[in-house]
1. How large is the convex hull of the Cα atoms of the stretch 4-56 per residue, expressed in Å³ as a whole number?
2. Placing +1 on the Cβ of each Lys and Arg and -1 on the Cβ of each Asp and Glu in the stretch 1-81, which of G51, M77, P66 has its Cα farthest towards the positive end of the resulting dipole?
3. Once you have the Kirkwood Rh of the stretch 87-133 from its Cα pairs, apply Stokes-Einstein at 20 °C and 1.002 mPa s and quote D in µm²/s.
4. May I ask you to list the chymotrypsin sites (Phe, Trp or Tyr not before Pro) in the stretch 36-123 that are in a DSSP loop and have at most 12 other Cβ atoms within 10 Å of their Cβ?
5. Rounded to whole Hz and in sequence order, give me ³J(HN,Hα) for the stretch 45-53 from the Karplus expression 6.51 cos²θ - 1.76 cosθ + 1.60, θ = phi - 60°, writing x for Gly and Pro.
6. How large is the convex hull of the Cα atoms of the stretch 16-133 per residue, expressed in Å³ as a whole number?
7. Can you give the accessible area of R76, probe radius 1.4 Å, in Å² rounded to 10?
8. Report, as a whole number in µm² per second, the diffusion coefficient that Stokes-Einstein gives for the stretch 25-80 at 20 °C and 1.002 mPa s using the Kirkwood radius over alpha carbon pairs.
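The values are calculated or read from the model by the stated rules, or taken from the named source; none is laboratory data. Note that the coordinates shown come from a computational prediction; the quantities given were computed from them, not determined experimentally. All Cβ positions, glycine included, derive from the backbone under ideal geometry; neighbour counts span all protein chains shown. Accessible surface areas use protein heavy atoms only, side chains included; no ligands, DNA or RNA. Shrake-Rupley method; radii C 1.70, N 1.55, O 1.52, S 1.80 Å.
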Amino acid sequence: MADSEVEVVRAQFEAVNRRDFEHAMSLYAEDVVLVVHDDAFLDAGRFEGKGAVGKWFGDWFATFEPGYRFDIQDARMVGDYVFLDAAHRGHGRSSGIEVGGRTGYLYEVRDGLVARVELFREPEDALRAAGGT
């Protein structure tokens, strides 16, 4: 079961990189919760429901030129969570400036769908929150 949970998260990232947002969102539960920590991104907070989560991600991608992408560095189960470390890079839509970094994520997958996502500024922060090292 744990392998399938990791694969759901990987599939979501692959769909995003293809800009197949419809497929990416089909991997989210209707009652999904997104928690974005204050120091992780500018638009921090708690977003509930598929519509709110889709809007948050849509607003995020709208600030970048096409080609903005994620490269998974690590994806594995840590306790009950799928821990994901992803590098991201692209160019700002308005400025054209190249941006990038690494972000840590914790996913909870329920019945084959993402039920909760938590975004952290650093992968190490996500690992600590999951109880990993």
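1. Values: hull volume 4.8 nm³, N = 53.
So the per-residue Cα hull volume is 91 Å³.
2. Checked the options; the winner is P66.
3. 173
4. none
5. Result, ordered by residue: x, 10, 10, 10, x, 4, x, 5, 5 Hz.
6. Hull volume normalised by residue count: 100 Å³.
7. Approximately 90 Å² of R76 is accessible to the 1.4 Å probe.
8. After rounding, the answer is 163 µm²/s.
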